[in-house]
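In what follows, a structure is listed as structure tokens, so that the remarks can point back to it.
The values are calculated or read from the model by the stated rules, or taken from the named source; none is laboratory data. Everything numeric in this text was worked out from a predicted model, so none of it was measured. Because the Cβ atoms are built from the backbone with ideal geometry, glycine has one as well, and the counts that use them run over all protein chains shown. Only protein heavy atoms, including side chains, enter the accessible area calculation; ligands, DNA and RNA are left aside. Shrake-Rupley method; radii C 1.70, N 1.55, O 1.52, S 1.80 Å.
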Amino acid sequence: MNWIPERAEVAGGRSNELLRQAPGLTQFSTGVTGYVRALRNVEGALYAVIGTSLYKVETDGSKSVLGTIAGTGRCSMSHNQITGGNEITIVNGSQGYVYNTAGGVLDQITDESFEGSIVVDYLNSFMLHVEPQKRYWFHSDLADAKQFISTDRYEGETSPDRMVSLVVDHQEVWVFNERSIDVFVNTGNQSATFERARGTSIELGCASTFSPAKMDNSVFWLGNDGIFYRANGYSPMRISTHAIEQAINDLDWSKCYSMVWEDRGHKVVYWTFADGQTWGYDVATQLWHRRKSYGFDNWRVNHLVYWNGRWIGGDAYSDKLYTIDWSANDENGAVLERLRTTSVQHADQNRFRVDAVEIVVSTGRSTIDNADYALELSYSDDGGYTYGNWLTRSLGAVGEYGKRLLFRRLGMGRHRTWRIRVTSPVKCDVISASMSMQS
């Protein structure tokens, strides 16, 4: 949790893997009310829906109000290109809005053929939507986000189930239904612009409107069976583990939403459950990790967008925007708790004595001398149900890079699970760990 696994890419390092401290949060912008409902990088300009307002965000964090977006829930945003600027489409699950960056005007979509939308995306100068009752998906007129024709509607063809979401990928429209997926392509026909691609029926559904994501030239989503998938061509490939699937089994899958983050070789799709946790799948290593904000079960960031050379995150619980900051060892002043629980060590049910455990970490990286900056170790002898008191070792004074973190005389057991934790505001990457034991 709040450590990201990395694998060594060349031989000869101190270990084959390490746990890289996840970046913290530095406040970038605040000063309004509500919480962040959407973020969008529109050709170099940052737009945000916060509370009931649409804002343009400047590079210094200041914001200008552009108009009102009704509702309180998560919004979907996309944009097309027009002469002199862009049309930004925002949908809130029922209404739709279009902001014209050339004219500086925000209008609600009033076309009688527009019945509302739960999600929007862009392809070939069309804005693509799924209507609120989830009976069909539809598109706007060419290069006109506010005009619609009632015949430009498409139903699912693989199964007679409700539509859940859509994503545009590689010039294809992936339409996610409750129990199936249809893929449509633009044929250029005037009577039916889009048709289902031949041989692309996928008999697997999607659990939530905001779970699909695009990353690493592929599509990811939470299936209606509680399994996370990545598209391998038109074949769903399971990427979650039994442990992940068990962890989310009792959660409300319909309220799961995704974000993507790509930095320093990591390509991560994050899925957050409103009533549960935030899980991240790193495409680079095919390993999972958790993000968690102090005082919450999940990560307080609910939107991520790359803009102006940095990653900006929106807050699910306030109006704040953050910079995702590798140099930050906290989350805007709140504790960044880093936690790792190991697998079980055992000697085939024979008793063993643990003489010592050593955790090799990047010590001495504090910017101030503070003896209270520490790594903590605890262990369980009952399969991880209960843990003992935390044992602490200092992470070293400034520049004390080679400090050893040794824990001695750790008792006896038949099987043992270890847990390490860092809550101090100091950089700490975990390089390796070793145990000296006698059976």
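Report the full-extension gain for the segment Asp169 to Ser113: residue separation times 0.36 nm, less the Cα-Cα distance, to one decimal in nm. Provide the component values of the computation, followed by the final result.
Details: separation 56, 0.36 × 56 = 20.16 nm, distance 2.59 nm.
Gain on extension, Asp169 to Ser113, equals 17.6 nm.
Which Cα, out of Gln349, Pro212, Tyr322, lies furthest along the positive dipole direction of the chain (beta carbon charges, K/R +1, D/E -1)?
In the chain, that residue is Gln349.
Give the accessible surface of region 349-439 per residue, rounded to a whole number of Å², with probe radius 1.4 Å and ligands, DNA and RNA excluded.
Working: 4830 Å² over 91 residues.
Accessible area per residue, region 349-439: 53 Å².
Determine the dipole magnitude for region 73-204: charges of +1 sit on the beta-carbon of Lys and Arg, -1 on that of Asp and Glu, nothing else is charged, the reference point is the Cα centre, and the result goes in debye to the nearest 20. Could you put the intermediate results ahead of the total?
Working: 9 positive and 19 negative charges, 43 e Å.
Dipole size: approximately 200 debye.
Leaving ligands, DNA and RNA out of it, report the carbon-plus-sulfur percent of the accessible area of region 223-365 at a 1.4 Å probe.
Details: 2710 of 6130 Å².
About 44 percent, which is the carbon plus sulfur part of the accessible surface.
So if R0 is 35 Å, what FRET efficiency would Asn350 and Ser15 give, r being the distance between their Cβ atoms, rounded to the nearest 0.05? Working shown, then result.
Values: r = 28 Å, r/R0 = 0.79.
So, using R0 = 35 Å, E works out to roughly 0.80.
Determine the share of region 115-196's accessible area contributed by carbon and sulfur atoms, expressed in whole percent, with a 1.4 angstrom probe. Each step should come with its number before you reach the end.
Values: 1370 of 3370 Å².
So the carbon and sulfur contribution to the accessible surface is 41 percent.
Report relative contact order for region 233-352 in percent, whole number only (criteria: Cα-Cα under 8 Å, sequence separation at least 6).
On the way: 153 pairs, mean separation 16.2, N = 120.
Value for region 233-352: 14 percent.
What is the diffusion coefficient of the chain in µm²/s, taking the Kirkwood radius over Cα pairs and the Stokes-Einstein relation at 10 °C with a viscosity of 1.306 mPa s? Kindly include the intermediate steps, with their values, before the conclusion.
Details: Rh = 23.9 Å.
Value of D from the Cα-based Kirkwood radius: 66 µm²/s.
Counting only heavy atoms of protein chains, what accessible area per residue, in Å², does region 26-131 have with a probe of 1.4 Å?
Details: 4020 Å² over 106 residues.
Counting only protein heavy atoms, the per-residue value for region 26-131 is 38 Å².
I want to verify a result. In a Gaussian network model of the chain, Cα cutoff 10 Å, which of these has the top mean-square fluctuation: Gly156, Gly73, Gly188?
Judging by the Gaussian network model, the answer is Gly188.
What aspartates and glutamates sit close enough to Lys56 to cross-link, taking a C-alpha to C-alpha distance under 19 Å and skipping anything fewer than 8 places away on the same chain?
The qualifying aspartates and glutamates are Glu43, Glu87, Asp107, Asp315, Asp319.
Order the peptides 252-258, 157-163, 57-63, 84-90 from the highest to the lowest mean number of other Cβ atoms within 10 Å of their residues. Could the numbers behind the result be given before it?
On the way: 252-258: 18.4, 157-163: 16.1, 57-63: 14.1, 84-90: 20.7.
My ranking of the peptides, most packed first, is 84-90, 252-258, 157-163, 57-63.
Note down the relative contact order for region 148-221 as a percent, whole number, built from C-alpha pairs under 8 angstrom at least six residues apart.
Values: 132 pairs, mean separation 19.6, N = 74.
Across region 148-221, relative contact order equals 27 percent.
What is the local net charge at Thr30, summed over the other residues whose Cβ is closer than 10 Å to its Cβ (Lys, Arg +1; Asp, Glu -1)?
Residues near Thr30 contribute 0 overall.
Just Tyr322, Tyr294, Tyr281 to compare: in a GNM of the chain, with alpha carbon springs under 10 Å, which one fluctuates most?
Tyr294
Counting pairs of alpha carbon atoms under 8 Å apart in space and at least six apart in sequence, what relative contact order in percent does the chain give? All intermediate terms of the calculation are to be shown ahead of the outcome.
Numbers: 1113 pairs, mean separation 63.7, N = 439.
Taking the mean separation of contacting Cα pairs over the length of the chain, I get 15 percent.
Quick query: amide H of Ile202 versus all other amide H atoms, modeled in the peptide plane; which residues come in under 5 Å with a sequence gap of 5 or more or a different chain?
Ile181
So if R0 is 45 Å, what FRET efficiency would Ser343 and Tyr317 give, r being the distance between their Cβ atoms, rounded to the nearest 0.05? Working shown, then result.
Details: r = 34 Å, r/R0 = 0.75.
E between Ser343 and Tyr317, to the nearest 0.05, is 0.85.
For Tyr136, what is the net charge nearby, where nearby means another residue's Cβ is under 11 Å from its Cβ and Lys, Arg count +1, Asp, Glu -1? Please report the intermediate quantities before stating the final value.
Numbers: positive: Lys134, Arg135, Arg153, Arg162; negative: Glu115, Glu131, Asp152, Glu155.
Around Tyr136, the surrounding residues sum to 0.
Rounded to the nearest 20 debye, what is the charge dipole size of region 1-134 about its Cα centre when +1 sits on each Lys and Arg Cβ and -1 on each Asp and Glu Cβ? Spell out each step's value before the answer.
Working: 9 positive and 13 negative charges, 113 e Å.
Result for region 1-134 is approximately 540 debye, rounded to the nearest 20.
Can you list the HN-Hα couplings for region 294-308, worked out from phi with the Karplus curve (6.51, -1.76, 1.60; θ = phi - 60°), rounded to whole Hz and with x for Gly and Pro?
So the Karplus estimates, Gly and Pro as x, are 4, x, 10, 7, 10, 7, 6, 6, 10, 9, 9, 8, 8, 8, 6 Hz.
Along the positive direction of the dipole of region 203-283 (beta-carbon charges: Lys, Arg +1; Asp, Glu -1; about the Cα centre), which of Gly276, Trp253, Ala231 reaches farthest?
My answer, from the dipole projection, is Ala231.
Karplus couplings for region 141-152 from phi (6.51 cos²θ - 1.76 cosθ + 1.60, θ = phi - 60°), rounded to Hz, Gly and Pro as x?
Karplus-based 3J(HN,Hα) across region 141-152 equals 5, 5, 6, 9, 6, 9, 10, 9, 10, 5, 7, 7 Hz.
If you count, for each residue, the other Cβ atoms within 10 Å and average over each peptide, how do 211-220, 388-397 line up from highest to lowest? Please report the intermediate quantities before stating the final value.
Values: 211-220: 19.3, 388-397: 16.5.
By packing density, highest mean first, the sequence is 211-220, 388-397.
Using θ = phi - 60° and the Karplus curve 6.51 cos²θ - 1.76 cosθ + 1.60, what whole-Hz ³J(HN,Hα) does each residue of region 83-90 get, with Gly and Pro shown as x?
Per-residue couplings from phi come out as 4, x, x, 9, 9, 9, 9, 10 Hz.
What accessible area per residue, rounded to a whole number of Å², is obtained for region 188-262 using a probe radius of 1.4 Å?
Numbers: 3720 Å² over 75 residues.
Dividing the accessible area of region 188-262 by its residue count gives 50 Å².
Ranked highest first by the average count of other Cβ atoms within 10 Å around their residues, in what order do 344-350, 96-102, 377-383 fall? Don't jump to the answer; show the numbers that get you there.
Values: 344-350: 11.0, 96-102: 20.4, 377-383: 16.1.
Descending mean neighbour count gives 96-102, 377-383, 344-350.
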